[in-house]
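Working notes, structure below.
The values are calculated or read from the model by the stated rules, or taken from the named source; none is laboratory data. Because the structure is a prediction, the values reported are computed rather than measured. Please note: Cβ atoms are built from the backbone with ideal geometry, for glycine as well, and neighbour counts cover all protein chains shown. Side chains are part of the model used for accessible areas, which takes the heavy atoms of the whole protein and leaves out ligands, DNA and RNA. Shrake-Rupley method; radii C 1.70, N 1.55, O 1.52, S 1.80 Å.
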Amino acid sequence: MDFKTFVDILASLAAIVAIVSVLVGWYRSSRKPLKIVRVVVHKAPEDMTFILVTKNRQPYPVTTKRIDCYKRKIFEVQKKVGGDPEYSERLSSREALFMRKSEFEVPANANTDLRIKVTGTADIPNRLLFSMDTSHGYHECQWPSEVTHQRSLVLTHP
């Protein structure tokens, strides 16, 4: 193997490493900073406590300004006079389990328990939809889980 072939191989490997590192960086920066890892619901006779185990995937702290929990989204098809039908989805307060305007700070690259106490009780569906307004934008997290109906409900990610 001569010198020119060796340099060509090294240059090709360097280009592949550069492309892969750019793709990994792009993927990491495009993900939402917060992820709900686990949901625990404690039901008492008069109230419920939601414990959201939240993971911050970014190297900087994220502050949540508002957290809402919904049973489901509502999907509609609307048509304006003289226009085409439009598909839309919305979150209705009728489907809300709780709506809380409270600030929590999730440290950089860490997990944090967010405890939210709700007066009254309700049936917890198999899927929950969380809407979070954070210091880094608006996020929607769907929690796909199976619910075991006990006194304390533990919702875990499969």
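Rounded to the nearest 10 degrees, the angle from helix 3-30 to the longest Cα principal axis of the chain is 10 degrees. Each part gets one Cα centre, and for the stretch 88-103 versus the stretch 1-62 those centres are 28 Å apart. Comparing mean-square fluctuations of ASP84, ASP133, ASP68 from a GNM of the chain with C-alpha springs under 10 Å, the top value falls on ASP84. Note on surface exposure: LYS73, LYS4 rank LYS4, LYS73 by accessible area, highest first, 1.4 Å probe. Taking SER30, SER131, SER88 as the candidate residues, the one with maximal mean-square fluctuation in a Gaussian network model of the chain, Cα springs under 10 Å, is SER88. Once a ≥ b ≥ c are taken as the square roots of the eigenvalues of the Cα gyration tensor of the stretch 39-100, is the result rounded (a/c under 1.5), prolate (a/b larger than b/c) or oblate (a/b not larger than b/c)? Judged from the Cα gyration tensor, the stretch 39-100 comes out oblate (a/c at least 1.5, b/c at or above a/b).
For SER93, the accessible surface of its heavy atoms amounts to roughly 80 Å² (probe 1.4 Å, protein chains only, rounded to the nearest 10). The portion of the accessible surface of the chain made up by carbon and sulfur, rounded to a whole percent, is 55 (1.4 Å probe; DNA, RNA and ligands excluded). Taking a ≥ b ≥ c as the square roots of the eigenvalues of the Cα gyration tensor, the stretch 1-133 is classed as oblate, since a/c reaches at least 1.5 and a/b does not exceed b/c.
For the stretch 81-106, backbone nitrogen atoms closer than 19 Å to the point 7 Å from LYS35 Cα along Cα-to-C-beta are found at 106. For the chain, modelled as a GNM whose springs connect Cα atoms under 10 angstrom apart, the maximal fluctuation among LEU52, LEU91, LEU34 occurs at LEU91.
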